[in-house]
Number of protein chains: 2
Amino acid sequence: MSGLRQNLDFLLHDWLGVASLTTRPRFADHSRETFAAVLDTCERIAREKFAPANRTADVQEPHFDGECVHLPESTRAASDAYVASGMLAAAQDYDLGGMQLPCVIEMAANSFFAKAGIGLGGHMLTSGNANLLMAHGTEAQCRVFAHQEFSGRFFGTMCLSEPQAGSSLSDILTRAEPDGDDSASDPLGPRFRLRGHKMWISNGEHELAENIVHLVLAKIPGPDGKLVPGARGISLFIVPKRLVDLDGDLTGERNDVALAGLNHKLGYRGIPNTLLNFGEGKYPVRGAAGAIGYLVGKPGDGLRCMFHMMNEARIAVGLGAVMLGYAGYEASLDYARGRPQGRPIGPGGKDPSQPQIPIIRHADVKRMLLAQKSYVEGGLALELYCARLVDEQHTGDAQAAKDAALLLEMLTPIAKSWPSEWCLEANSLAIQVHGGYGYTRDYPVEQYWRDNRLNMIHEGTHGIQALDLLGRKVVMDGGAGLLALAQRINGTIERASPHADLHPQATALAAALQQIGAATKAAWSTGVPEEALANAVPYLQAFGHVVLAWIWLDVALSVDPATPAGQGRLAAGRYFFRHELPRIDAWLAVVRTRDDTCRTVQDDWF
Amino acid sequence: MSGLRQNLDFLLHDWLGVASLTTRPRFADHSRETFAAVLDTCERIAREKFAPANRTADVQEPHFDGECVHLPESTRAASDAYVASGMLAAAQDYDLGGMQLPCVIEMAANSFFAKAGIGLGGHMLTSGNANLLMAHGTEAQCRVFAHQEFSGRFFGTMCLSEPQAGSSLSDILTRAEPDGDDSASDPLGPRFRLRGHKMWISNGEHELAENIVHLVLAKIPGPDGKLVPGARGISLFIVPKRLVDLDGDLTGERNDVALAGLNHKLGYRGIPNTLLNFGEGKYPVRGAAGAIGYLVGKPGDGLRCMFHMMNEARIAVGLGAVMLGYAGYEASLDYARGRPQGRPIGPGGKDPSQPQIPIIRHADVKRMLLAQKSYVEGGLALELYCARLVDEQHTGDAQAAKDAALLLEMLTPIAKSWPSEWCLEANSLAIQVHGGYGYTRDYPVEQYWRDNRLNMIHEGTHGIQALDLLGRKVVMDGGAGLLALAQRINGTIERASPHADLHPQATALAAALQQIGAATKAAWSTGVPEEALANAVPYLQAFGHVVLAWIWLDVALSVDPATPAGQGRLAAGRYFFRHELPRIDAWLAVVRTRDDTCRTVQDDWF
């Protein structure tokens, strides 16, 4: 059994006890065995179809011939295998062809694909797109679009950003105007014509599926023809690449959505990332320019609909970052076991007449491996914990669901940002373990590092996550979210304290939690947002390290210390408490003092 | 005047007072004006020839057709311009065609090339190679090889590593055997035949110069035919790619050195990095296989000769890391000034009817720019400080030279490692400032980040630098080096303390220095090397941050606070003291406690 699989089994069963979910009606047909079968299948497909295609997708970038985007054949084979696995509908109802899997199992299963080839297919986008329609679309929109996505006939995108509007979505300029007199009565939803440009659209153009379902944020002009400033003017539209009838069959009409360009990226090269022109007249449809789009939900509700899915999308990004880190950890562990170099430091120095030893026996190599282990296994535990909260939100009783939703609000910025930063650091350590070989393309670790650099940027940058956490999440409902999280953490501390070997960690975590509380209060003590938020990123970093310390302590309570794997987990936890958690002092010092060094610096001082 | 040039002028003149060097006989013909002329010339060549070639060298990797390595035409043009500038002999005597420039001016001038195109030419290798021969070679070796390198007719390499011997040079297997009966009397030095493989050889094969002078570490077998284990068996040889006569002219004979392969790297792609086969018979010479090489210095003295140049080579690597960081800083500063996105955080939130602001006005973007500024300008100051010490070592009076040599021993591991880590972090921040655009190859910052990742690996990895610092440098001569450095730092503290605005920094630095001393003692208190050195890298990191805090405080004493540039330097120093220096607590805690988490972890726990 692979290391990842063993680790997943430990986290899912020994730690999270997910088998208990099978007592709930929605999961009643499931068992530990059916969960295992899903993991087996996904691990096999990932190994057979994704892993061999990963470097090819990096080297043979998406190519546009003026009409079609071409991808390597092995990317198509990987995508087809994923579709055939049924994972696109993993969490859906049986009568939609789904498996009614818990989110936590779905995430665990998807971890194999992320580790083997993060840039192959981008299927999370399709599930996320369809899930959004299931929550906010009409019955016809679900049937015609979402259901086709779950079966893999259609793939999906999310079209938010524009060249001039990245993090600031309120500044989008894409316009949506009613499409003629009968526009309100279209059975697929109020019909509009969209005109504008969308940037950074993953999977915006390809031939991996019959059709592409774009979910597009746009603004409906007011009676004066002007766009409403700010987020409240934003609406959401379904804009299919090819028009469909009420059975979800293609009508043969191409919609007016055109590829304006492919972005040439540092990594994640398997997924074509695009600039799309909507309604510029390259593909006039039904006699006119303008991309046909169907309104989802109410006008002005666009952001609310889109952000409905944001927690799960951000957890998925975090999981991707974790699994890139995991892939690098495994590769460098393998290398360190096989590479002889140097000799032990003995009392009399090194004896050159002795044979060299594998580098895994050097203390600093162990340090780099243990750091990676603490980042990637800790990160994986966090993501699964969050996924388990999603299940609680969907299938728990009312109070449990409410609690879970609150905790998810708190943890999502961490689940997204923490692995993006620290599993990237893990990838850098994996290169370092390899020495010069890690800097060459003969080994996979440099690609993991390049791929992972994306994750601090997309789905809300580090800076945006930090503002979300310190500006919104910790202060919402009078601090209810922070309180709920603190209660969970205190529960772990109470359970760990009686154990002699975990007592120091419990004490350290309690002190760290107290520091977070004090820094939060001090940051907001003047009530001036610029002062409170000037050091939001160091706050996010400290908060993340405290959350991960909590996760490691909680994991330690489920460990079997009689096994080498158990000893390894305890060592990774110790590493985190001794080497990592103390970093929070430096981060929180500037938060607590509302340090103004950065915010007061003037442009002409640079 | 460019920002870098202004900064160099400030550091060289206002801070280091380098004009005073012109009172020394060796530099008597120089003046502030002649120094400025050199900087002007180098800045112009870097802008005109290096900058435009930088991306081309990244995209069009070195290509081997079986006989020759091909590089882009623009790389050759850049290299030719560098040779024509005379910088290869910048520090040499006038009668060798040199300029007798101080090392600190040579480094400052070379910083322009490193910033504009780090992977173009690798001329530092050629100067370093020739300098080594000037120190250890015979008159004939200097004339025939070194002088041709200073003029740029020949280029040089350093051949240390082998596929099985990277950090552990004592395990090299390349053999050198006397080349016939007259071998001892060759006018170019005792003549040997070398056989073996050398890995990671930068500039190992190209057509940029008439000839390539390889300096090769190899072992001379004992009478039993066996190689002597360990470092003491290592000798140094000159192995020219093409054989030369006593006038330095090519004889027309190709030596038996063959390219076995090019390494395909993550970055630094302009410099062909090679695996070379010595003496495998591809180019039999004078009737036999075996590469002809001339002994430099005495048998067994190879490492000592090679390491003679190591301080300057490591400072040069550190400078390269700094300048990659600098390039990213400038690019992201430029982007942040021109990119509108978002609005100020006001008392009533953000007003979407207001126009967007340039992102440089957001506190977190300022933080990312100020962090970069503190890393790259601090790093530049450190490298120039070290270069100034090299000048003191070469041209100061006996005591000053001795003091400078001692300080250089202490500072070199930091000068090499600190920028490799933190200016890489600066490059990551430069990507982050750009958002998604920074992740594309339409902007230069992703290349800087890839290029800079090499610097923690070559010329002694981070781990090797850490062992050198904690295992050798701080304990040598009963701690004399640490004491000398502490005296310098205390001098700065004393000068800064009376200034009200610098007093807190002086106090913090004094405390940090005390922590370093205590941690050093505690680490070695048991006298067990494995215990002391288990956390050598965190020690190196903390030591580096303390050195940089010292540099920033010392720089602050020379700042003119009436200018925006002066305010910027003070802000970068404040940033370093408030956000960076406090990190040392976490690093030193594990050193002080001789934390055994990493060194005691077992292979099967992973």
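Only a single criterion out of (1) at pLDDT 95 or above; (2) exposed (fewer than 15 other Cβ atoms within 10 Å of the Cβ) is not satisfied by A:C68, namely (1).
Among the residues of the stretch B:263-292, just one is open to solvent by less than 10 Å² (accessible area, probe 1.4 Å) and hydroxyl-bearing (S, T, Y), namely B:T274. Of the listed requirements (1) within 12 Å of chain B (Cβ to nearest Cβ); (2) under 27 Å from the mean Cα position of the chain (by Cα), A:R337 misses just one: (2). Regarding A:H136, is this residue under 27 Å from A:E446 (Cβ atoms) and in contact with a strand residue (DSSP E or B) (Cβ under 8 Å, 6 or more places away or on another chain)? Judged against the criteria, A:H136 is not a match. When the criteria are applied in full, A:T174 fails the requirement of being farther than 22 Å from A:Y283 by Cβ and either more than 24 Å from the chain's Cα centre (by Cα) or surrounded by fewer than 18 Cβ atoms within 10 Å (Cβ to Cβ) (or both). For the stretch A:223-242, the criterion of being modelled with pLDDT of 95 or more, assigned to a loop (DSSP other than H, G, I, E, B) and in contact with a His (Cβ under 8 Å, 6 or more places away or on another chain) is met by at least one residue.
Here is a list: A:V528, A:V591. Which entry is open to solvent by less than 20 Å² (accessible area, probe 1.4 Å), under 25 Å from A:Q465 (Cβ atoms) and not assigned by TED's automatic domain parsing to the domain that holds A:E383?
On inspection, the qualifying residue turns out to be A:V591.
The number of residues in the stretch A:413-432 being open to solvent by less than 10 Å² (accessible area, probe 1.4 Å), more than 9 Å from chain B (Cβ to nearest Cβ) and farther than 19 Å from A:A116 by Cβ comes to 7. For the stretch B:300-318, the set of residues classified as of a type outside the set (D, E), under 12 Å from B:L217 (Cβ atoms) and touching a helix residue (DSSP H, G or I) at 6+ places or on another chain (Cβ under 9 Å) consists of B:G300, B:G302, B:L303, B:R304, B:C305, B:M306, listed by residue number. Might you let me know whether the stretch B:184-191 holds any residue that is closer than 30 Å to B:K265 by Cβ, surrounded by 21 or more Cβ atoms within 10 Å (Cβ to Cβ) and among the hydrophobic types (A, V, I, L, M, F, W, C)? No; the residues of the stretch B:184-191 include none that is closer than 30 Å to B:K265 by Cβ, surrounded by 21 or more Cβ atoms within 10 Å (Cβ to Cβ) and among the hydrophobic types (A, V, I, L, M, F, W, C). Scanning the stretch B:160-186 for residues being within 14 Å of chain A (Cβ to nearest Cβ) and either modelled with pLDDT of 95 or more or touching a strand residue (DSSP E or B) at 6+ places or on another chain (Cβ under 8 Å) (or both) gives a total of 11.
For the stretch A:345-357, the condition of being open to solvent by less than 30 Å² (accessible area, probe 1.4 Å), modelled with pLDDT under 95 and of a type in the set (D, E, K, R) holds for none of the residues. Do we have any residue at all in the stretch B:220-238 that's of a type outside the set (A, V, I, L, M, F, W, C), within 12 Å of chain A (Cβ to nearest Cβ) and free of Cβ contacts under 8 Å to residues at least 40 places away in the same chain? Checking the stretch B:220-238: at least one residue is of a type outside the set (A, V, I, L, M, F, W, C), within 12 Å of chain A (Cβ to nearest Cβ) and free of Cβ contacts under 8 Å to residues at least 40 places away in the same chain. Every test in (1) within 22 Å of the chain's Cα centre (by Cα); (2) open to solvent by 40 Å² or more (accessible area, probe 1.4 Å) is passed by B:H362 save one, and that test is (1).
Of all the criteria given as (1) in contact (Cβ under 8 Å) with a residue 60 or more places away in the chain; (2) among the polar types (S, T, N, Q); (3) touching an Asp or Glu at 6+ places or on another chain (Cβ under 7 Å), the one not satisfied by A:Q164 is (1). Counting residues in the stretch B:187-205 that are touching a strand residue (DSSP E or B) at 6+ places or on another chain (Cβ under 9 Å), aromatic (F, W, Y) and more than 16 Å from B:L169 (Cα to Cα) gives one or more. Each residue in the stretch A:91-107 was checked for being outside any helix (DSSP H, G or I) and either charged (D, E, K, R) or over 21 Å from the mean Cα position of the chain (by Cα) (or both), and 5 pass.
Going by what's in this entry, would B:L384 be described as within 28 Å of B:P25 (Cβ to Cβ) and either assigned to a helix (DSSP H, G or I) or open to solvent by 10 Å² or more (accessible area, probe 1.4 Å) (or both)? Taking the combined requirement at face value, the residue satisfies it. Taking the stretch A:442-455 as the range and being touching a residue at least 60 places away in the same chain (Cβ under 8 Å) and either at the interface with chain B (Cβ under 9 Å from one of its Cβ atoms) or buried (at least 24 other Cβ atoms within 10 Å of the Cβ) (or both) as the test, the residues that pass are A:V445, A:Q447, A:Y448, A:W449, A:R450, A:D451, A:N452, A:R453, A:L454, A:N455. Evaluate the following for A:Q514: is it assigned to a helix (DSSP H, G or I), open to solvent by 40 Å² or more (accessible area, probe 1.4 Å) and closer than 29 Å to A:D596 by Cα? Spelling it out, A:Q514 is indeed assigned to a helix (DSSP H, G or I), open to solvent by 40 Å² or more (accessible area, probe 1.4 Å) and closer than 29 Å to A:D596 by Cα.
This table checks each residue for (1) more than 20 Å from B:L454 (Cα to Cα); (2) more than 8 Å from chain A (Cβ to nearest Cβ).
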residue: B:V317; (1), (2): no, yes
residue: B:G320; (1), (2): no, yes
residue: B:G328; (1), (2): no, yes
residue: B:R343; (1), (2): yes, no
residue: B:D351; (1), (2): yes, yes
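The set of residues from the stretch B:293-305 being of a type outside the set (S, T, Y) and either surrounded by 24 or more Cβ atoms within 10 Å (Cβ to Cβ) or part of a loop (DSSP other than H, G, I, E, B) (or both) comprises B:G293, B:L295, B:V296, B:G297, B:K298, B:P299, B:G300, B:D301, B:G302.
Given the residues A:A486, A:A496, A:A480, A:A523, which is the only one that is in contact with a His (Cβ under 8 Å, 6 or more places away or on another chain) and open to solvent by less than 40 Å² (accessible area, probe 1.4 Å)?
A:A496
Of all the residues in the stretch A:147-159, those that are buried (at least 22 other Cβ atoms within 10 Å of the Cβ) and outside any strand (DSSP E or B) number 4.
Residues in the stretch A:456-472 that are more than 10 Å from every other protein chain (Cβ to nearest Cβ) and not small (G, A, S): how many?
Matching residues across the stretch A:456-472 total 6.
Just one residue in the set A:V322, A:V317 is buried (at least 21 other Cβ atoms within 10 Å of the Cβ) and touching a Leu at 6+ places or on another chain (Cβ under 7 Å); that residue is A:V322.
The values are calculated or read from the model by the stated rules, or taken from the named source; none is laboratory data. Here the structure is a predicted model, which is why all the values come from computation and not from measurement. All Cβ positions, glycine included, derive from the backbone under ideal geometry; neighbour counts span all protein chains shown. In case anyone asks, the SASA skips ligands and DNA or RNA and just uses the protein heavy atoms, side chains included. Shrake-Rupley method; radii C 1.70, N 1.55, O 1.52, S 1.80 Å.
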